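Step one of this worksheet: look at the structure below.
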Amino acid sequence: MIKVVLGLLLVMGAKAQEAGFFEPPMPPPLPSPVEPTFLNPTIYYKPIIKYDVDRCDDETRVEMRSPEDKVLTRLCVKDFNNCVMQGACYVHDEDGRFRSFNYYARGEDGVPRFKEVDMRKCPYGYGMRNVCLDPYHTVAADLSIYKMGDVIFVPRLEGQKMPDGTIHDGFFVVRDAGGAIKGPGRFDFYTGFTRPFVPENTFNRLGFANIKNSFPYRMATEEEAVWVRENTGYPGTKKVVLLPPHR
C-alpha cells in the first residue's frame with residue numbers, strides 16, 4: 001500500500017512540474033529571540049565636608065596625607081572614612097578654603113593617601129586614569145570586561161529630571177572602576193555631591209541605590225558612543241561645580 005501511495009505522489013509531482021507548478025521555497029528560519037540584558041545598580045557620590053570644631057574633638061581628627069606624606073588637612077574619623085569609601089571628597093578646611101581630594105593609594109603603613117585635585121581641570125574629581133568624573137552621566141564598571149570610554153544606555157533614566165535640573169538622555173560613560181564592582185551587569189552610578197539616599201536624588205527614587213534591583217540596559221552603538229563622548233567632553237567634562245548649601 002505504501003509503495004502505491006509513494007508512486008501516486010511521484011506521478012502527481014511530475015505532472016505538476018510539467019504544468020508549471022513548483023513548490024514554493026521554505027521561508028528562512030526566524031532569528032532567535034534576544035534575551036534582555038539587566039544591570040544591578042549602586043550609587044556613589046562626592047561628599048562635602050565642612051570643618052567644624054563641634055563635630056569632633058581636635059585630638060581625634062585624622063590627618064589626610066599625600067603620597068609624599070604631606071599633611072593636606074585633618075578630618076573627623078567618620079568624615080575621613082566616608083572620603084575613603086567614596087574615593088573622593090570636597091573639604092571646607094579650617095582656613096576657609098574649598099578643596100577637592102581624590103583617593104590615590106594606601107601607603108606602606110596601610111593608611112590611605114590622597115591627592116588634591118585641580119578643580120579647573122576636573123571640577124568633580126578623577127575616575128580612573130585621570131579621566132574626569134561627570135555627575136549623573138558616569139558609571140564605574142568592571143574594567144576586566146569594559147574599557148574606559150565605553151557607553152551604555154539605560155532606558156529607565158531617559159527623560160528623567162536630574163537634581164541639577166537637566167533632563168537625562170539615558171546614556172552613561174564608563175569613567176571609573178570600583179573594588180566591589182565585579183561582573184558584566186554591575187554598575188555604580190555617580191551622582192556628584194548629591195547623596196545616595198536622599199529624596200532629591202533621582203537615582204534613589206528610581207531604585208538605583210538598591211543592588212537587589214535589576215534594570216534593562218544595552219551597549220550604545222558606535223555612532224551613539226561617539227556622540228555621547230563628544231557631548232560630555234570625555235575624557236574631560238564640560239560641567240562646572242554648582243555647589244549646594246553647606247551642610
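The values are calculated or read from the model by the stated rules, or taken from the named source; none is laboratory data. Keep in mind the model is a prediction, meaning the values are calculated, not measured. Cβ coordinates were reconstructed from backbone atoms using ideal geometry, including for glycine residues, and neighbour counts include every protein chain displayed. Accessible surface areas use protein heavy atoms only, side chains included; no ligands, DNA or RNA. Shrake-Rupley method; radii C 1.70, N 1.55, O 1.52, S 1.80 Å.
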**Message:** Yes or no: the range 112-134 includes at least one residue that is touching a helix residue (DSSP H, G or I) at 6+ places or on another chain (Cβ under 9 Å) and within 22 Å of MET219 (Cβ to Cβ).
**Reply:** yes
**Message:** Anything in the range 208-227 that is closer than 26 Å to ALA180 by Cα and assigned to a helix (DSSP H, G or I)? List them, or say none.
**Reply:** ALA225
**Request:** Just give me the residues in the range 156-182 being charged (D, E, K, R) and modelled with pLDDT of 95 or more, in sequence order.
**Result:** ARG156, GLU158, LYS161, ASP169, ARG175, ASP176, LYS182
**Request:** Please state which one of TYR190, TYR217 is of a type in the set (Ser, Thr, Tyr) and within 18 Å of CYS89 (Cα to Cα).
**Result:** TYR190
**Message:** Among the residues that make up the range 174-181, is at least one of them in contact with a helix residue (DSSP H, G or I) (Cβ under 8 Å, 6 or more places away or on another chain), part of a strand (DSSP E or B) and open to solvent by less than 10 Å² (accessible area, probe 1.4 Å)?
**Reply:** no
**Prompt:** Of all residues in the range 196-207, how many are assigned to a loop (DSSP other than H, G, I, E, B) and among the aromatic types (Phe, Trp, Tyr)?
**Reply:** 1
**Members of the range 198-215 that are touching a residue at least 60 places away in the same chain (Cβ under 8 Å) and open to solvent by 60 Å² or more (accessible area, probe 1.4 Å)** = ASN210, ILE211, LYS212, SER214
**Residue count, the range 158-182 (criterion: closer than 17 Å to TYR126 by Cα and acidic (Asp, Glu))** = 1
**Message:** If I filter the range 150-158 for residues that are out of contact with any Pro (no Cβ under 8 Å at 6 or more places or on another chain), free of Cβ contacts under 8 Å to residues at least 60 places away in the same chain and open to solvent by 20 Å² or more (accessible area, probe 1.4 Å), do I get at least one hit?
**Reply:** yes
**Request:** Look at the range 71-88 and say how many of its residues are assigned to a strand (DSSP E or B) and touching a Ser or Thr at 6+ places or on another chain (Cβ under 8 Å).
**Result:** 2
**Request:** For the range 159-173, name all the residues that are open to solvent by 30 Å² or more (accessible area, probe 1.4 Å) and either assigned to a strand (DSSP E or B) or of a type in the set (Phe, Trp, Tyr) (or both).
**Result:** LYS161, ILE167
**Item:** Enumeration of residues in the range 7-56 that are within 30 Å of PHE98 (Cα to Cα) and either at pLDDT below 60 or open to solvent by less than 50 Å² (accessible area, probe 1.4 Å) (or both)
**Value:** THR42, ILE43, TYR44, TYR45, LYS46, PRO47, ILE48, ILE49, CYS56
**Asked** Do we have PHE193 as surrounded by 15 or more Cβ atoms within 10 Å (Cβ to Cβ) and in a strand (DSSP E or B) here?
**Response** no
**Asked** Which of the residues spanning the range 172-203 are more than 18 Å from LEU133 (Cβ to Cβ) and more than 14 Å from the chain's Cα centre (by Cα)?
**Response** PHE197, VAL198, PRO199, GLU200
**Prompt:** Tally time: how many residues in the range 80-89 are surrounded by 23 or more Cβ atoms within 10 Å (Cβ to Cβ) and either out of contact with any Leu (no Cβ under 9 Å at 6 or more places or on another chain) or not hydrophobic (A, V, I, L, M, F, W, C) (or both)?
**Reply:** 1
**Complete:** Expected output for the range 183-196 (first residue under 14 Å from ALA209 (Cβ atoms), partner at pLDDT below 95, Cβ below 6 Å, 6+ apart or cross-chain) is ASP188/GLY178; THR194/PRO163
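This table checks each residue for (1) within 17 Å of GLY149 (Cβ to Cβ); (2) among the polar types (S, T, N, Q).
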| position | (1), (2) |
| --- | --- |
| VAL174 | yes, no |
| LYS182 | no, no |
| ARG186 | no, no |
| THR191 | no, yes |
| GLU200 | no, no |
| GLU222 | yes, no |
| TRP227 | yes, no |
| TYR234 | yes, no |
| VAL240 | no, no |
